[in-house]
Amino acid sequence: MEYQDLLVEVHDKVALIRLNRPKALNALNDNMMNELGEAFAKFEKDPAIHVIILTGSEKAFAAGADIAAMKDYTYQDTHRDNYIGRNWEHILKVRKPVIGAVSGFALGGGCELAMMCDFLVAGDNAKFGQPEIKVGVTPGAGGTQRLPRAIGKAKAMDMLLTTRMIDAAEAERIGLVSRVVPADKLIEEVLEIAQGIAQMPVSVAMQIKDCVNRAFETTLSEGVNYERRLFHAGFGTPAQREGMYAFLEKRLPNFEGL
Ligand code: HXC
């Protein structure tokens, strides 16, 4: 499928989606978010795809929601048409693993979109920030909620109130990203990570994602109970037999189709 504001490639079980509005540093507009929803839905349905990578360009993952597009919106426009709510959260419905590969700016809505990924790998040139207060609004895609959960209240308040950008090293230190790699190797490294996950049983990867996300929505005992149910259910699946027998037979497991 051809997109206007995305570039999409498939690398053996891994889909790579690039945000692509280079002249506006990938500012996120309605068309791009609609297309992103379509691309996620397509790969979620495609049994040949096990992992999805979301990235931008070397200069910018995304410099925020498109300020030019929203500058004249009224309260009625945003509330009635459910701005952001209408097309930003398709990514949260994806049950397969989604890795964010962040190079350059991830600001405002760009940082919020990145935080909707399952985990982030940053190029060493990445910069994260929530500068919305400078353009007169609060964050609107989860910045005040996901950021403190990811990095704690002190760091989140600092970023949200002062608009200070943090670099990749600080982002890794405080747990916003899982790894930092040289910017010019970012896609290569993230593809390798994704290919590794893609060799695992996709059904188990999806269950792990489901369990981890549940940890943020429920109590500890409910979450552990949920995890235990899925663990028990695993003993009714071919992935468990293949994984454990392969270990004991000293061979690599073959999780094809599992
Ligand atoms: C629209 C944007 C944009 C944005 C950059 N551009 N960010 N257009 N919306 N968020 C455009 C610029 O207008 C410019 O277009 C071109 O991209 C290059 O940007 P420059 O500013 O010339 O580049 P540079 O000097 O390198 O500065 C990079 C930057 C700066 C530090 C990232 O662009 C910047 O501060 N951008 C805005 C960041 C921001 O405030 N984001 C939060 C937005 S509010 P022209 O045509 O002049 O070349 C938000 C709300 C989220 O995200 C709430 C719901 C999700």
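The rows are residues; the columns are (1) touching a strand residue (DSSP E or B) at 6+ places or on another chain (Cβ under 6 Å); (2) outside any loop (DSSP other than H, G, I, E, B); (3) surrounded by fewer than 16 Cβ atoms within 10 Å (Cβ to Cβ).
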| residue | (1), (2), (3) |
| --- | --- |
| I52 | yes, yes, no |
| H79 | no, yes, yes |
| Y83 | no, no, no |
| R86 | no, no, yes |
| R95 | no, no, yes |
| K134 | no, yes, yes |
| P139 | no, no, no |
| M157 | no, yes, yes |
D72 fails exactly one of (1) part of a loop (DSSP other than H, G, I, E, B); (2) closer than 17 Å to I187 by Cα; (3) without any contact (Cβ under 8 Å) to a residue 60 or more places away in the chain, namely (2)
Identity of the residue in the range 54-65, within 11 Å of the ligand (Cβ to nearest atom) and in contact with a strand residue (DSSP E or B) (Cβ under 6 Å, 6 or more places away or on another chain), that ends up farthest from S103 (Cα to Cα)
A65
Has the range 7-21 got any residue that is within 11 Å of the ligand (Cβ to nearest atom) and modelled with pLDDT of 95 or more?
yes
So, in the range 26-46, exactly how many residues are outside any helix (DSSP H, G or I) and surrounded by 21 or more Cβ atoms within 10 Å (Cβ to Cβ)?
3
Among the residues listed as K59, K127, K71, K42, the single one being modelled with pLDDT of 95 or more, among the basic types (K, R) and closer than 20 Å to R179 by Cβ:
K127
Any residue that is open to solvent by 40 Å² or more (accessible area, probe 1.4 Å) and farther than 20 Å from F128 by Cα - is there at least one of those in the range 172-188?
yes
Among residues of the range 66-77, those that are in contact with a strand residue (DSSP E or B) (Cβ under 8 Å, 6 or more places away or on another chain) and over 18 Å from A114 (Cα atoms), counted
0
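Out of all the residues in the range 141-155, which are β-branched (V, I, T) and either modelled with pLDDT under 95 or surrounded by fewer than 21 Cβ atoms within 10 Å (Cβ to Cβ) (or both)?
The answer is T144, and nothing else.
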Restricting to the range 104-124, give me the number of residues that are buried (at least 20 other Cβ atoms within 10 Å of the Cβ) and within 12 Å of the ligand (Cβ to nearest atom).
12
Being in the same structural domain as F61 (by the TED database) and away from the ligand (no atom under 16 Å from the Cβ) narrows it down to one residue among K96, K127; which is it?
K96
Can you name the residue in the range 159-171 that is of a type outside the set (A, V, I, L, M) and open to solvent by 30 Å² or more (accessible area, probe 1.4 Å) and is also farthest from the chain's Cα centre (by Cα) among such residues?
T162
Just for the range 195-240: of the residues that are under 19 Å from the mean Cα position of the chain (by Cα) and basic (K, R), which one is least open to solvent (accessible area, probe 1.4 Å)?
K209
Cross-chain or 6+ apart pairs with Cβ under 6 Å, the range 221-237 first and in the same structural domain as Q207 (by the TED database), then at pLDDT 95 or above:
G223/R214; G223/A215; Y226/R214; E227/C211; L230/Q207; G234/Q240
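The values are calculated or read from the model by the stated rules, or taken from the named source; none is laboratory data. Note that the structure is predicted; figures quoted are calculated from it, not measured. All Cβ positions, even for glycine, are placed from backbone atoms using ideal geometry, and neighbour counts span all protein chains on display. Accessible surface areas use protein heavy atoms only, side chains included; no ligands, DNA or RNA. Shrake-Rupley method; radii C 1.70, N 1.55, O 1.52, S 1.80 Å.
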